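*Asks:* Pasting a structure below so you can have a look.
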Amino acid sequence: MARIAQDLDREWDRIATGPAARRALIRWANTHEALAGLVDLDDVLAARRHVGRADPILRALVTMAADDDLAARTLLQALLPGLVHLARMTGNDDHNAVEELISLAWERIRTYPVGREGSVAGNVLLDVKKRYRAHRRIEAPGEWAEMVTDPPSSSWTPEDEVISHSIFDQLRDAELEGHVMPRAAAMIVRTRVHGETLVELAREQGTTAAAIGQRRWRAERRLRELRLVG
């Protein structure tokens, strides 16, 4: 299992049966009958495996997910096995597939249209699969290299161009070695070098600036660990 999935499982073990989780479940049950009678969040995951209970439970969670971090996290944990399986089936040649699919799932969970018909789990996984495949089609390794071919502004100095190409070379090496996804590398170049805003990228990709910022932060944290960025 990918490291991120293992990390999520360990995190889940810490939060699922704690007092905050129990209090949240009591609060949720006051407005969502499907969650009534459950003791803790592990109980929620166990109950949703029963035929007839799964979708009402997941629908209750996704109804709260936009504003409730713990509800969103519980739904993500419920979908984690499906995401890992999807990574094996769809991204078996991409060692970052699980991380990417989990990131896409989190975005979909937080923005899920609560009036949408059909299985919550099926809909989320289908949306994630489509988005992941679309990203892979348009972001083949190296395609973002053209971004640094020309200076983005006539005001650039020779020093600016040297720094830009230095960043590009470091990102290229990190991408080829599998430390950063092509989309994350493109995001860093566009926002850190070309000066595009998170809002502009979010509008282009149909998501939020916060989600784009979180992705960039994760990528840059990974690069800092490799001492490729300051």
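The values are calculated or read from the model by the stated rules, or taken from the named source; none is laboratory data. It should be emphasised that the depicted structure is a prediction, and the values quoted were computed from it without experimental measurement. Ideal geometry is used to build each Cβ from the backbone, glycine not excepted, and the neighbour counts take in all protein chains shown. Side chains are part of the model used for accessible areas, which takes the heavy atoms of the whole protein and leaves out ligands, DNA and RNA. Shrake-Rupley method; radii C 1.70, N 1.55, O 1.52, S 1.80 Å.
*Asks:* Take the residues in region 116-135 that are at pLDDT 90 or above and of a type in the set (Gly, Ala, Ser); name whichever of them is most open to solvent (accessible area, probe 1.4 Å).
*Replies:* 119
*Asks:* Taking only region 193-230 into account, find how many residues are part of a helix (DSSP H, G or I) and either modelled with pLDDT of 80 or more or of a type outside the set (S, T, N, Q) (or both).
*Replies:* Taking region 193-230 as the starting set, the residues that turn out to be part of a helix (DSSP H, G or I) are 193, 198-205, 209-225.
Next, only the ones that are either modelled with pLDDT of 80 or more or of a type outside the set (S, T, N, Q) (or both) stay: 193, 198-205, 209-213, 215-225.
Summing the residues that are part of a helix (DSSP H, G or I) and either modelled with pLDDT of 80 or more or of a type outside the set (S, T, N, Q) (or both) in region 193-230 gives 25.
*Asks:* Of everything in region 7-66, what is closer than 20 Å to residue 103 by Cα and hydroxyl-bearing (Ser, Thr, Tyr)? Give them in sequence order.
*Replies:* Listed by number, the list holds a single entry, 63.
*Asks:* Considering region 41-65 alone, what residues qualify as being modelled with pLDDT under 95 and part of a loop (DSSP other than H, G, I, E, B)?
*Replies:* 48, 49, 50, 51, 52, 53
*Asks:* State all residues of region 12-26 that are under 18 Å from residue 65 (Cα atoms) and either touching a Leu at 6+ places or on another chain (Cβ under 7 Å) or open to solvent by 30 Å² or more (accessible area, probe 1.4 Å) (or both); if no residue qualifies, say none.
*Replies:* Matches in region 12-26: 15, 16, 20, 21, 22, 23, 24, 25, 26.
*Asks:* Given the residues 154, 166, which is the only one that is at pLDDT below 65, hydroxyl-bearing (Ser, Thr, Tyr) and either in a helix (DSSP H, G or I) or open to solvent by less than 70 Å² (accessible area, probe 1.4 Å) (or both)? Outline the logic, then answer.
*Replies:* On the way: 154 fails: either in a helix (DSSP H, G or I) or open to solvent by less than 70 Å² (accessible area, probe 1.4 Å) (or both).
Going through 154, 166 in turn, just one is at pLDDT below 65, hydroxyl-bearing (Ser, Thr, Tyr) and either in a helix (DSSP H, G or I) or open to solvent by less than 70 Å² (accessible area, probe 1.4 Å) (or both): 166.
*Asks:* One residue is enough: does region 43-52 have a residue meeting the conditions open to solvent by 80 Å² or more (accessible area, probe 1.4 Å) and under 19 Å from residue 125 (Cβ atoms)?
*Replies:* Taking region 43-52 and keeping what is open to solvent by 80 Å² or more (accessible area, probe 1.4 Å), we get 49-51.
Retained after the next criterion (residues that are under 19 Å from residue 125 (Cβ atoms)): 49, 51.
There is at least one residue in region 43-52 that is open to solvent by 80 Å² or more (accessible area, probe 1.4 Å) and under 19 Å from residue 125 (Cβ atoms).
*Asks:* I want to confirm something. Restricting to region 80-115 and keeping residues that are under 13 Å from the mean Cα position of the chain (by Cα) and assigned to a loop (DSSP other than H, G, I, E, B), which single residue is modelled with the lowest pLDDT?
*Replies:* 96
*Asks:* Within region 53-73, can you find the residues that are within 17 Å of residue 18 (Cα to Cα), without any contact (Cβ under 8 Å) to a residue 40 or more places away in the chain and open to solvent by less than 10 Å² (accessible area, probe 1.4 Å)?
*Replies:* Residues of region 53-73 that are within 17 Å of residue 18 (Cα to Cα), as a first pass: 68-73.
Narrowing further to those that are without any contact (Cβ under 8 Å) to a residue 40 or more places away in the chain: 69, 72.
Matches in region 53-73: 72 only.
*Asks:* Return the residue satisfying two criteria in turn: it lies in region 27-40 and is in a helix (DSSP H, G or I) and more than 13 Å from residue 70 (Cα to Cα), and of such residues it is least open to solvent (accessible area, probe 1.4 Å).
*Replies:* Applying the first criterion (in a helix (DSSP H, G or I)) to region 27-40 yields 27-29, 33-35.
Restricting the remaining residues to those that are more than 13 Å from residue 70 (Cα to Cα) gives 29, 33-35.
On the way: 29: 31, 33: 162, 34: 28, 35: 1 Å².
Filtering first and then ranking leaves 35.
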